[in-house]
Amino acid sequence: MKATKKRALITGITGQDGAFLSEFLLAKGYEVHGMIRRSSTFNTDRIDHLYRDPHDPSAQLFLHYGDLVDGGCLRRIMERVQPDEVYNLGAQSHVRVSFEQPEYTADVVGTGTLRLLEAVRDYIGVSGKPVRTYQASSSEMFGTMPPPQSERTPFYPRSPYAVSKVAAYYYAVNYREAYGMFITNGILFNHESPRRGETFVTRKITRAVGRIHCGLQDKLYLGNLDAYRDWGFAGDFVEAMWLMLQAPEPDDFVIATGESHSVREMLDHAFGCLGLDWRAHVEIDPRLFRPSEVDHLRGDASKAAKKLGWKVNVGFADLVRMMVEHDLDLARREKSLRDNGFKVALRGNHAQG
Ligand code: NAP
Ligand code: G4F
């Protein structure tokens, strides 16, 4: 390892944000280390284009097996990587799934953050290195509080996921105050991209649009169409994570576009991109409703604009178009496979996401 390069450790590197952040940090000249979970199928699709064999002298991305439920491995990874910056993005991040798996979600999202902070604290203790940590907090923590939500808005979480994120948020605040550690909470509102997991509503919709256009699918089953979200572009949001760790002091920042749209409006835009009418294809499946919903998220990111110089580059209409175009291309490739006799699985509805 070259001593001159800044070294970052990312948990959740195989997720949407992990992939964008890795690209961003590699472009800035960082040596990037990611923690990945052992899986029976490969789970590195989003970062495969960045990976080189570690024997290759030009390799700058290194992967380590680990899990936020395993404190021992977190300590070993800290000692092996000796990072300057830690980005804690790992999570069971699906709100509805958290109602099905509340204990597991709490273990990974809440206690997992505590385990990581303990590993960072101990590593700082032995090394004296002033490691900076980013905690992936969420606008879900605001729950029922009316928009616009800012750093001053109280939390009212509405799901096991959100409650666990609130716990993680306060672990981060407490470790910052108790031990003087540089830990920053990024309270990020929904951010999307063509790399978004296919059971989150935006991607579920744009995947369906592409497949409906190509004749691979006819129906799209959704839950609550009346929820409003502040949807931004993930590529813009990872820059904010990095900016937070370059600030002179640790703090908490809301990151959002300041504009919200309903799921219904998202349908209008996405189906409209290809001249389709969603009303002919969308059906409501009550199993996709949540036991308690978050009705309206719209963030006020003026503190991040002022203190970090962060701003939105990709607006809602461009984001939706980017995702539809990507998923149309994907559907065309699926169709070509199907036309040549291959079976194409329409995943996404397997477990009612
Ligand atoms: P994502 O695509 O669902 O990725 C989650 C990552 O966490 C994946 O790499 C996943 O690994 C990993 N992970 C899951 N369980 C883990 C465990 N037990 N130990 C270690 N890693 C584990 O999520 P994302 O959209 O990139 O979001 C990144 C972070 O920001 C998450 O903490 C999320 O809760 C938070 N957040 C997201 C948004 C948003 O709108 N995207 C907004 C606010 C906050 P596998 O690939 O192996 O599953
Ligand atoms: O896309 P969603 O699943 O995202 P949600 O619940 O807002 O959570 C995402 O953003 C959070 C930040 O605010 C992150 F912390 C979290 O990790 C995740 O990335 O659902 C958005 C809205 C909800 O109101 C949901 O009820 O869409 C509604 N919806 C309607 N039908 C649906 C569906 N959501 C999903 N996933 N699937 C549906 O069929």
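Residue-wise test of (1) within 16 Å of ligand 2 (Cβ to nearest atom); (2) free of Cβ contacts under 8 Å to residues at least 60 places away in the same chain; (3) open to solvent by 50 Å² or more (accessible area, probe 1.4 Å); (4) not β-branched (V, I, T).
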residue: H94; (1), (2), (3), (4): yes, no, no, yes
residue: E100; (1), (2), (3), (4): yes, yes, yes, yes
residue: A119; (1), (2), (3), (4): no, yes, no, yes
residue: V126; (1), (2), (3), (4): no, yes, yes, no
residue: A136; (1), (2), (3), (4): yes, no, no, yes
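Rundown of residues vs (1) in contact with a Pro (Cβ under 7 Å, 6 or more places away or on another chain); (2) within 12 Å of ligand 1 (Cβ to nearest atom); (3) aromatic (F, W, Y); (4) more than 18 Å from Q82 (Cα to Cα), yes/no style:
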| site | (1), (2), (3), (4) |
| --- | --- |
| R7 | yes, no, no, no |
| I13 | no, yes, no, no |
| F20 | no, yes, yes, yes |
| F24 | no, no, yes, yes |
| I36 | no, yes, no, no |
| S40 | no, yes, no, yes |
| N43 | no, yes, no, yes |
| I47 | no, yes, no, yes |
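Taken over region 274-300, the criterion of being within 16 Å of ligand 1 (Cβ to nearest atom) and assigned to a strand (DSSP E or B) is satisfied by H296, G299.
Within region 193-217, the set of residues being away from ligand 2 (no atom under 11 Å from the Cβ) and either assigned to a helix (DSSP H, G or I) or touching a His at 6+ places or on another chain (Cβ under 7 Å) (or both) comprises P194, T206, R207, V209, G210, R211, I212, H213.
Could you figure out which of (1) surrounded by fewer than 21 Cβ atoms within 10 Å (Cβ to Cβ); (2) touching a residue at least 12 places away in the same chain (Cβ under 8 Å); (3) more than 15 Å from ligand 1 (Cβ to nearest atom) isn't true of R176? (1) is the only condition that R176 fails.
Screening the candidates T14, T105 for the property of being of a type in the set (S, T, Y), assigned by TED's automatic domain parsing to the domain that holds V163 and assigned to a helix (DSSP H, G or I) yields one hit, T105. Screening the candidates S164, S138 for the property of being closer than 26 Å to F20 by Cβ, in contact with a Gly (Cβ under 6 Å, 6 or more places away or on another chain), among the hydroxyl-bearing types (S, T, Y) and within 11 Å of ligand 1 (Cβ to nearest atom) yields one hit, S164. Report yes if some residue within region 150-166 is surrounded by fewer than 20 Cβ atoms within 10 Å (Cβ to Cβ) and outside any loop (DSSP other than H, G, I, E, B); otherwise report no. No - not one qualifying residue is present in region 150-166.
The values are calculated or read from the model by the stated rules, or taken from the named source; none is laboratory data. Only a predicted model underlies this, so the values are computations on that prediction, with no experimental measurement involved. No Cβ is skipped: glycine too gets one built from the backbone with ideal geometry, and neighbour counts run over all protein chains shown. Heavy atoms of the whole protein, side chains included, go into the accessibility calculation; ligands, DNA and RNA do not. Shrake-Rupley method; radii C 1.70, N 1.55, O 1.52, S 1.80 Å.
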